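Read the structure below first, then the notes.
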Amino acid sequence: MNQHNEPDSVARFLRENRREVADNGFTEKVMERLPRRYEQLATLIRWIGGAAAVILFIILGGMEWLVASGEHIWHSFCAQQWGDPQLHAFLTLLAGLAIVGLSNLLLHDDC
């Protein structure tokens, strides 16, 4: 019986004798500064990565490939050639993007 009362008495003692240490807003100031630095670094890395991706896409002939693939997919769609692998890949990509977009909208946390 004493074993069951001991944790309760310790918890009660800690609750009754709890003291808050005043830090005069120090914790909040530290927490405000930390994420900003990391957010700025992450934003810089995203911009550099995005710019590198666009440059590589253009240098490696991505626009020509994109236009040719788009024309092929469009003609396959209009001719109802449902067995075309590029059309399947395109429709799968669209479905995946729709799922990701909807999940981001539904699960977005405004905090």
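The values are calculated or read from the model by the stated rules, or taken from the named source; none is laboratory data. If you're wondering where the values come from, they're calculated on a predicted model, not measured in any experiment. So basically every Cβ, Gly included, is an ideal-geometry build from the backbone, and we count neighbours across all protein chains shown. Just the protein is used for accessible areas: all its heavy atoms, side chains included, with ligands, DNA and RNA removed. Shrake-Rupley method; radii C 1.70, N 1.55, O 1.52, S 1.80 Å.
Worth a mention:
- Of all residues in region 39-57, those that are part of a helix (DSSP H, G or I) have Cβ atoms under 8 Å from Cβ atoms of residues that are open to solvent by 80 Å² or more (accessible area, probe 1.4 Å) and not hydroxyl-bearing (Ser, Thr, Tyr), 6 or more apart or on another chain, in 57/63.
- Residue count, region 13-26 (criterion: surrounded by 10 or more Cβ atoms within 10 Å (Cβ to Cβ) and either touching a helix residue (DSSP H, G or I) at 6+ places or on another chain (Cβ under 8 Å) or of a type outside the set (Phe, Trp, Tyr) (or both)): 1
- Residue within region 81-97 that is assigned to a helix (DSSP H, G or I), open to solvent by less than 80 Å² (accessible area, probe 1.4 Å), touching an Asp or Glu at 6+ places or on another chain (Cβ under 8 Å) and not β-branched (Val, Ile, Thr) present: no
- Once region 59-80 is narrowed to residues that are part of a helix (DSSP H, G or I) and of a type in the set (A, V, I, L, M), the residue that is least open to solvent (accessible area, probe 1.4 Å) is 73.
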